[in-house]
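Scroll down for the structure; my scribbles are underneath it.
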Amino acid sequence: MSTITKQFADAVIGKVRAAEQDPNIDKAADLFDKAVEAGHRIYFFGTGHSYITGQEVFGRAGGYAGFIPVLENELSMNHIIKSTYIERIPEYASVIMGLYDFAKDDVVVMTSNSGRNGLVVEMALRFKAKGLKIIALTAMNHQTEITSRHPSGKKLCDLADIVLNNESDYGDVTIKHQDGTQTGPTSTIMDCFIIDAVVSNFVDRQIARHGSAPVFISSNVDAGDAHNKDLFGIK
């Protein structure tokens with residue numbers, strides 16, 4: 001193993017072990033469980049690379065059937081800078097709010113490494129006004145080093161009911177090369193680890209309640225297609 005690879009592996013493992021101790025993972029799983037039992041929905045929202053969290057939980061092997069990710073193409077990294085422009089426009093929240101039937105006591109997982117940009121803060125403010133519960137998946141290790149880009153001066157972590165710290169460093173890099181270049185981003189790895197931990201804990205609660213839970217299995221397992229057909233709602 002190269003020195004760089006070991007350095008990156010050590011950084012990721014250290015962050016995973018730190019996140020493992022976060023009691024808010026259990027709190028988030030409890031909130032999922034409570035919402036589902038009451039007939040409410042669970043949404044996921046993020047822009048840029050934070051958009052990946054919604055993709056991670058959607059219709060995948062080992063994933064819970066019933067999540068609703070906000071997967072509008074313009075929010076993703078399908079253009080090198082488009083999502084950066086959009087995530088800084090608070091008014092774009094009107095478009096998203098018009099596309100989904102968000103309701104009081106629904107839960108929304110909002111992923112944003114910085115939590116500072118106008119759109120994510122505006123969405124959080126609008127969610128709170130509608131009575132949704134917000135779980136923020138964000139980097140708490142450097143919040144004192146950044147300021148909000150929203151007119152309110154708020155950041156995502158200020159508005160959330162539960163905050164999950166993805167343990168990422170300032171600038172989302174962990175390796176410094178000899179010329180000063182920095183690489184080794186960890187936010188996506190950590191966001192996916194944390195949300196999958198929340199989902200697994202939530203599913204465990206559902207199984208304890210009901211004896212089973214609607215969870216997809218891989219379509220590359222022989223029984224997968226038949227198992228998933230009903231969960232996909234395909235006739």
Tell me the mean residue ellipticity at 222 nm calculated for the chain from its helices only (DSSP H runs of n ≥ 4, each -39500 (n - 2.57), averaged over every residue, nearest 500). -13000 deg cm²/dmol
Pseudo-spin-label distance residue 220 to residue 21, built 7 Å along Cα→Cβ, given in nm, is 3.6
What's the percent breakdown of Cα-Cα distances in the stretch 51-123 across 10 Å bins, shortest bin first? 17, 52, 28, 4
Segment residue 101-residue 158, length gained on full extension (0.36 nm per residue, minus Cα span): 18.1 nm
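Only Cα pairs under 8 Å and at least 6 apart count here; give the relative contact order of the chain as a rounded whole percent.
Relative contact order for the chain comes out at 23 percent.
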Added length on full extension, which subtracts the Cα-Cα distance from 0.36 nm per residue, residue 74 to residue 13: 18.7 nm
1.4 Å probe accessible area per residue over the chain, in Å²: 50
Dipole of the chain (Lys/Arg Cβ +1, Asp/Glu Cβ -1, origin at the Cα centre): which of 124, 192, 66 lies farthest to the positive side? 124
Distance in Å, no decimals, from the C-alpha centre of the stretch 63-113 to the one of the stretch 132-172 is 16
Take each complete run of DSSP H in the chain, measure how far its Cα atoms stretch along the helix's own axis, and keep only those covering 20 Å or more with mean Kyte-Doolittle hydropathy at least 0.0; list them. 3-20, 187-210
The chain: translational diffusion in µm²/s, Stokes-Einstein, Kirkwood Rh over Cα pairs, 10 °C, 1.306 mPa s: 85
Connecting every pair of Cα atoms under 10 Å apart in the chain and solving the GNM, the largest mean-square fluctuation among 47, 84, 138 falls on 84
Distance from a point 7 Å along Cα→Cβ of residue 141 to each backbone N in the stretch 83-114: keep the residues under 20 Å and list them by number. 111-114
With springs connecting C-alpha atoms under 10 Å apart, model the chain as a Gaussian network and identify which of 113, 166, 220 has the largest mean-square fluctuation. 220
Of the residues 147, 181, 53, which exhibits the maximal mean-square fluctuation in a Gaussian network model of the chain defined by a 10 Å Cα contact cut-off? 181
Determine the dipole magnitude for the stretch 1-154: charges of +1 sit on the beta-carbon of Lys and Arg, -1 on that of Asp and Glu, nothing else is charged, the reference point is the Cα centre, and the result goes in debye to the nearest 20. 280
What shape does the stretch 98-160 take by its C-alpha gyration tensor, where a ≥ b ≥ c are the square roots of the eigenvalues and a/c under 1.5 counts as rounded, a/b above b/c as prolate, and the rest as oblate? prolate
Give the Cα extents of the stretch 1-77 along the principal axes, in whole Å, largest first. 50, 33, 21
How many percent of the accessible area of the chain is carbon or sulfur, using a 1.4 Å probe? 51
Taking R0 as 25 Å and r as the Cβ-Cβ distance between residue 128 and residue 229, the FRET efficiency 1/(1 + (r/R0)^6), rounded to the nearest 0.05, comes to 0.10
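The values are calculated or read from the model by the stated rules, or taken from the named source; none is laboratory data. What you see is a predicted model, and the numbers here were worked out from it, not measured in a lab. Ideal geometry is used to build each Cβ from the backbone, glycine not excepted, and the neighbour counts take in all protein chains shown. Side chains included, ligands, DNA and RNA excluded: accessible areas come from the protein's heavy atoms. Shrake-Rupley method; radii C 1.70, N 1.55, O 1.52, S 1.80 Å.
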